[in-house]
Amino acid sequence: MQTAQRVSRIKPSPSTAAAQRVRELKATGARILDLTVGEPDFDTPDHVKLAAIDAIVRGETKYTPVNGTPQLREAIAAKLRQRHGLEIPLESITVGGGAKQVIYLALAATVDTGTEVIVPAPYWVSYPDMVLANDGTPVVVECAAENGFKLTPGQLRSAITPATRWLILNTPSNPAGVAYTAAELRALADVLLDHPQVAVLTDEIYDEIFYGPEPMPTLLAVEPRLADRVLLTNGVSKTYAMTGWRIGYGAGPADLVAAIDKLQSQSSSCPSSVSQAAAVAALTGDQTFVRESVAAYRGRRDRVVKLVNDTPGLRCQAPHGGFYVFVDCRDLLGATTPAGAVLATDEDFLAYLLETQQVAAIHGTAYGTPGYFRISFATSADVLEEACDRIRRACEALAPGERR
Ligand code: PMP
C-alpha cells in the first residue's frame, strides 16, 4: 500500500519500540531489568475500577458528548480551580483518548505546512513527530544541563519567527523531570506577551507526581493575559495509574477547543464512556493513592539519584517531578568495553547495558539530547537496586577512552 508522505516523515515512538524490544527479549526467556517503562507500576485504585463497573451496570455504555461528559468536565474544572485558582468554563474543556490524543488534535487543528512549533530539548519523543505528521516544522531548542534543562527567555526570544505558532512546555518534564518555577514561567510569559501569534501548550501530565516545593505553578495562573492562547493538557494516566483507560484532557481558548472537538467528532466521536466514569471517580474520590504512590516514587527517586551519582562516569540531577532520572553518560563515551568495542554514542552505551547486563533503558538521542539516557523508576525498589548495581558493574568494566 502506498502511504501518505506524512507517514514516511515520522518514526514509531522510540519508547514504544524499546518496550517492544524488551517484550521480545523476555519472550526468549531472558530476564531483563526493564527501566524503559513510562507508566506507573501500581494498579489502578479499586474505587476507580468499581466506578467503571457501576457505569457499565448503569448502562453508561453509549456515545457521550464529543468533548466528554459534563460530569467529567466539571471534575476537571474543579481540579483546576482547587489546584491553581483557575475558572475554566466547561465549553473550554475537552476530553480525549489520552493527553496524547488531545495534543495531537490540538496540533492537527492549528498547524499548516511551514508552521513552526518550538520544542525545547530534551523533549517527550512524540512532540516533533506529531508536528511533522501535521506538516509543520519542529524547531528544537537545546536546553543546557547547566540551566537545569530549562528553556531560557533569551532562547525563546531567539527561536520565535513570524511562522511560530506554538511553544510546547512540558512541566514537570519527561525525560528530565524538570518543573518550571513561577518566576521562570513569569519570565517566559514576558517574552510571549511581545509575540501575540505564539500559543503555548503546557503539558502537565506529571503535575501531581511532584516533589515540591508546593504548589506546582502553571503558566495560565501566572499570566492570565495569556488565557486566549494557552492550552493546558493533562490526564489521569500517570497520577492514577490509568494508562490503559485512555483519558486525557485539554483546557484552553473556546475557539481552539471547538476546533479540536470538530476533529474529534470526525475521528473517534468521543472518549470511552466507561473510562470517563472511572476518571470522574479518580479526580473527585479519595486521593490517598496519589499521596502514597508519590511518597513511594520520592523514595525511589532519592535512591536512584544516589546510586547513579555513586557510579563512575555517570551523573544526574534529582528530578522535580515525574518518575524519570535523566543520566549524563558523556564521560563514558569513547571508552572500550571488555569485548573491545568502543562506545561512541549513548546508543552504544545502552546496547552495551542491554547485552552484557540485561538492563534496558532509553538513550538520550531519542529525546533530542545525545550523551544521556533515561531511567524510569516506575518499577519496584528491588529491580531498581539490582539494575543500578549492574549499571555500576558495566561502567567499572570499561577501559577509559579519550574523554571529552
Ligand atoms: N505527555 C508526556 C510528557 C508523557 O510522558 C505522556 C505519556 N508517556 C503523555 C503526554 C501522554 O499520556 P496519555 O496519553 O496516557 O494521557
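The values are calculated or read from the model by the stated rules, or taken from the named source; none is laboratory data. Worth saying up front: this structure is predicted, and the values here are computed from it rather than measured. Don't worry about glycine lacking a Cβ; one is built from the backbone with ideal geometry, like all the others, and counts go over all protein chains shown.
Annotations for the structure displayed:
- Of all residues in region 129-167, those that are under 20 Å from P12 (Cα atoms) and out of contact with any Lys or Arg (no Cβ under 8 Å at 6 or more places or on another chain) total 6.
- Taking every residue in region 114-135 that is more than 24 Å from A179 (Cβ to Cβ) and away from the ligand (no atom under 13 Å from the Cβ) and pairing it with any residue that is among the aromatic types (F, W, Y) and assigned to a helix (DSSP H, G or I), at least 6 positions away or on another chain, the pairs with Cβ-Cβ distances below 9 Å are A133/Y104; N134/Y104.
- Here V141 passes the criteria (1) within 14 Å of the ligand (Cβ to nearest atom); (2) part of a strand (DSSP E or B) except the one numbered (1).
- Among residues of region 35-48, those that are in a loop (DSSP other than H, G, I, E, B) and crowded, with 19+ Cβ neighbours inside 10 Å, counted: 7
- Look at region 100-113: where a residue is without any contact (Cβ under 8 Å) to a residue 24 or more places away in the chain and a partner is small (G, A, S) and crowded, with 21+ Cβ neighbours inside 10 Å, sitting 6+ places away or on another chain with Cβ atoms under 8 Å, you get T113/G136.
- Residue check for R83: without any contact (Cβ under 8 Å) to a residue 24 or more places away in the chain and either outside the structural domain of A278 (by TED's automatic domain parsing) or basic (K, R) (or both): no
- Filter pass, V308 being more than 21 Å from the chain's Cα centre (by Cα), closer than 30 Å to C329 by Cβ and part of a helix (DSSP H, G or I): yes
Residue by residue, here is whether (1) at negative phi; (2) at pLDDT 90 or above; (3) touching a strand residue (DSSP E or B) at 6+ places or on another chain (Cβ under 7 Å) holds:
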position	(1), (2), (3)
T16	yes, no, no
D46	yes, yes, no
A51	yes, yes, no
I76	yes, yes, yes
G96	yes, yes, yes
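- Matching entry among A77, A55, A17, A51 (being within 16 Å of the ligand (Cβ to nearest atom), of a type outside the set (D, E) and in a helix (DSSP H, G or I)): A17
- Single residue of region 216-269 satisfying the filter (within 16 Å of the ligand (Cβ to nearest atom) and among the charged types (D, E, K, R)) that is surrounded by the most Cβ atoms within 10 Å (Cβ to Cβ): K238
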